[in-house]
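For reference, the structure is listed below as structure tokens.
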Amino acid sequence: MRNKLIEFKNVSFRYGEEQSWVLKNCSFEIYENESMAIIGHNGSGKSTIAKLMNGLLFPQEGEIFIGNQKLTEETIWEIRKDVGMVFQNPDNQFVGTTVQDDVAFGMENRGIPRKEMMKRIDETLDAVGMLDYRMTEPHKLSGGQKQRVAIAGVLAIFPKVLILDEATAMLDPKGRTEIMDTISSVQNERELSLITITHDLEEVIQAERVIVMNEGEIWGEAVPRDIFAKKDELREIGLDVPFIAYLSDELQKAGIAVTNEPLN
Ligand code: ADP
């Protein structure tokens with residue numbers, strides 16, 4: 001039985017008193033070492049959920065728990081140690097003059113001793129396949145390489161949960177697959193929880209569970225296979241099922257499917 005790591009209890013959020021609610025009464029749980037995808041069309045509230053998870057925003061209604069702690073202005077600094085986030089645009093996340101400095105940044109903020117820092121820089125850059133670039137200036141890297149370094153920086157602080165907010169959106173399919181493979185091997189090694197926020201259903205295939213957002217509400221929550229089975233309803237809320245799931249469905253209907261195994 002896995003322990004609960006994140007819990008949203010009846011969370012509602014709006015960006016200002018005059019504005020409409022962006023999240024409406026959302027409740028869900030994420031467990032240790034679980035891989036969860038949060039999907040939904042643009043504007044459905046996914047990024048707002050991510051920002052609530054590490055206290056960049058606070059809900060007007062409802063409660064958020066990380067580990068056993070309620071997220072408040074007082075607990076946020078402690079809680080942030082456990083929550084690593086990578087956003088869509090890596091350029092906004094770079095602060096160092098070299099790749100190595102950049103990976104060190106989050107650790108410096110947390111007072112990690114220099115010797116331990118150097119060890120973690122080696123390990124995390126190696127894990128994301130960027131060890132040869134440790135003295136390179138970040139702006140000389142490709143989009144995919146920058147995202148790898150951003151992920152290394154977050155992994156170096158040993159979070160309990162890694163949140164990827166459209167973090168592979170700028171990459172080509174090959175780069176995307178490589179990064180997701182790297183992350184899933186680190187996830188297994190460290191028993192990390194992984195939350196992938198995306199509007200791309202392709203990325204959902206590897207997740208254990210999926211939350212579907214629509215207009216600030218939780219539209220559904222299930223294993224990927226059950227989500228994909230609702231392809232007509234998904235299309236109505238602006239989401240397209242991956243070609244592979246569509247193909248498998250069509251083959252089965254035509255009676256030429258070779259397997260009935262789940263896709264995930
Ligand atoms: P998603 O990540 O699913 O695209 P977001 O959480 O970014 O959705 O946005 C949800 C809603 O909140 C959208 O209607 C968006 O326009 C609005 N919103 C997002 N950020 C802000 C902000 N800083 N101020 C006001 N409204 C915002």
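The values are calculated or read from the model by the stated rules, or taken from the named source; none is laboratory data. Every value quoted in this text rests on a predicted model; they were computed, and no experiment measured them. No Cβ is skipped: glycine too gets one built from the backbone with ideal geometry, and neighbour counts run over all protein chains shown.
Per-structure values
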read-out	value
Filtered residue count, region 124-147, keeping only those that are over 20 Å from MET85 (Cβ atoms), in a helix (DSSP H, G or I) and under 22 Å from the mean Cα position of the chain (by Cα)	1
Test: residue in region 208-216 that is modelled with pLDDT of 85 or more, outside any strand (DSSP E or B) and within 16 Å of the ligand (Cβ to nearest atom)	yes
Any hit, region 226-243, residues being of a type in the set (Phe, Trp, Tyr) and within 16 Å of the ligand (Cβ to nearest atom)	no
Qualifying residue in region 62-76 (condition: within 13 Å of the ligand (Cβ to nearest atom), part of a strand (DSSP E or B) and in contact (Cβ under 8 Å) with a residue 60 or more places away in the chain)	no
Members of region 2-38 found to be in contact with a strand residue (DSSP E or B) (Cβ under 9 Å, 6 or more places away or on another chain) and near the ligand (Cβ under 9 Å from one of its atoms), listed by number	PHE13, ARG14, VAL22, LEU23, ILE38
Given (1) surrounded by 14 or more Cβ atoms within 10 Å (Cβ to Cβ); (2) not in a loop (DSSP other than H, G, I, E, B); (3) not charged (D, E, K, R), index of the condition GLY96 fails	(2)
Cβ-Cβ under 6 Å pairs, at least 6 apart or on other chains, region 202-223 side without any contact (Cβ under 8 Å) to a residue 60 or more places away in the chain, far side of a type in the set (Val, Ile, Thr) and within 12 Å of the ligand (Cβ to nearest atom)	GLY220/VAL212
When residues of region 122-149 are limited to those that are of a type in the set (A, V, I, L, M) and within 22 Å of GLY175 (Cβ to Cβ), the one surrounded by the most Cβ atoms within 10 Å (Cβ to Cβ)	VAL149
Flag for GLY106 being closer than 20 Å to ILE157 by Cα and either among the small types (Gly, Ala, Ser) or over 14 Å from the mean Cα position of the chain (by Cα) (or both)	yes
Tally, over region 1-55, of residues that are exposed (fewer than 15 other Cβ atoms within 10 Å of the Cβ), in contact (Cβ under 8 Å) with a residue 24 or more places away in the chain and aliphatic (A, V, I, L, M)	0
Which numbered condition ILE163 misses (of (1) surrounded by fewer than 23 Cβ atoms within 10 Å (Cβ to Cβ); (2) of a type outside the set (Gly, Ala, Ser); (3) in contact with a helix residue (DSSP H, G or I) (Cβ under 6 Å, 6 or more places away or on another chain))	(1)
